[in-house]
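Taking it in order: structure first as structure tokens, then the write-up.
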Amino acid sequence: MTSSPLRVGIAGLSGRMGQGLVKSALDAGCVVAGGTCRDPGAASLSMAELTRDGSITLCADMRQLADISDVVIDFTHVSSVIDHAAALKDAGVPWVLGTTGLSEKDQRAVDEAAQTIGVVQAANFSAGVTLVLRLAREMGMALSAERFDAEIVEMHHRQKVDAPSGTALAIGEAVAQGRGVKLSDVRAPAREGHCGARKTGEIGFAALRGGQIVGEHELLFTSATEQITLGHRAFDRRVFADGAVQAAEWVSGKIAGLYNMEDVLGLS
């Protein structure tokens, strides 16, 4: 007996990421059940082009989307996280969450939802970045803060509004975990002017913006005698969409819990 295709709901259909998710989901053999969007007119046009018949339901809100979906993929604005967490928790629908910049209150809402539903949360759904985070944690553990200065450099397209990127912060978190410290205690913001000498143990960040670069991240460990670099470059946003769809397929049917891409890739 053949099982029914997975019904995927997509929050934010009209955006570039939303359209990429539609393509990835359809290519994976899933059904795109519907989606939410700020601009229904633009979404209708883009969906008609992507599906040839526009056969995707435009939903008024997350609760309506949850009613027709087996799993929801969400890369929308951080201001929606708490409402989306409540809606999906109440509906019992798994959640793939790629939204970054969450406050402690936002994260508590995600954690509470994960007590009832499966939630895959990641700052970056690329398999390559997942491995970078794992290696960054191990390198942070092996390369002491007393000997090795840790710096993270990222570059994105000129339209990106936040800095550092969520992925850069995730890399910093991984290094901090490896060193047994909180990133908030050792994070050094962008340096400018007479900011003084670098403090031992700091994890520094630098953000560059220009053109249409999808995403570049580099982690540098530098001592007085050597330097080790770990980097990742994304050439196409499709890598994030493909990873999110993979996570959606994986979390469907899983017990409640908060998961990440290491779980999805079988690395945890």
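The values are calculated or read from the model by the stated rules, or taken from the named source; none is laboratory data. Because the structure is predicted, anything quoted here is derived from the model rather than measured. Every residue, glycine as well, gets a Cβ built from its backbone with ideal geometry; the counts of neighbours run over all protein chains shown. Each accessible area value is taken on the protein alone, full model and side chains, heavy atoms only, with ligands, DNA and RNA left out. Shrake-Rupley method; radii C 1.70, N 1.55, O 1.52, S 1.80 Å.
In a fully extended conformation the segment linking K160 and Q212 would gain 17.8 nm over its present Cα-Cα distance, using 0.36 nm per residue.
Each of the peptides 113-125, 178-190, 256-268, 147-159 was scored by the mean count of other Cβ atoms within 10 Å over its residues; in descending order, highest first, they stand as 113-125, 147-159, 256-268, 178-190. The HN-Hα couplings worked out from phi for the range 186-193 by the Karplus form 6.51 cos²θ - 1.76 cosθ + 1.60 (θ = phi - 60°) are 10, 5, 10, x, 4, 9, 7, x Hz, whole numbers, x standing for Gly and Pro. At a probe radius of 1.4 angstrom, the accessible area of the chain per residue rounds to 51 square angstrom.
Using only the alpha-carbon atoms, how far is helix 127-142 inclined from the longest principal axis of the chain? Give it as 0 to 90 degrees, nearest 10. Result, in degrees: 30. Checking the cross-link pairs K182/K254; K160/K182; K23/K182; K105/K182; K23/K254 against a 28 Å limit on the alpha carbon distance flags K182/K254; K23/K182 as lying beyond it.
Summarising the amide proton neighbourhood of V8: residues at separation of 5 or more, or on other chains, whose placed amide H is nearer than 5 Å comprise V31, V32, A33, D70.
A straight line joining the Cα centroids of the range 161-212 and the range 226-268 runs 22 Å. Report which label in (i) 19.5; (ii) 20.4; (iii) 18.9 holds the value of Kirkwood radius over Cα pairs in Å derived from the coordinates of this structure. The value computed from this structure is option (i). In straight-distance terms, cross-link reach from K89 covers every one of the aspartates and glutamates whose alpha-carbon lies under 20 Å from its own, apart from those fewer than eight places away in the same chain; here that gives D61, D67, D70, D74, E104, D106, D111, E112, E249.
With all protein chains in place and a 1.4 Å probe, the accessible surface of the chain carries 50 percent carbon and sulfur.
The mean sequence separation of alpha-carbon pairs under 8 Å and at least six residues apart, normalised by the residue count of the chain, gives a relative contact order of 21 percent. Computed about the Cα centre, the dipole magnitude for the range 205-244 is approximately 180 debye when only Lys and Arg (+1) and Asp and Glu (-1) carry charge, each at its Cβ.
Helical runs assigned H by DSSP (4 residues or longer) give the chain a calculated mean residue ellipticity at 222 nm of -11500 deg cm²/dmol, each run adding -39500 (n - 2.57) before division by the residue total.
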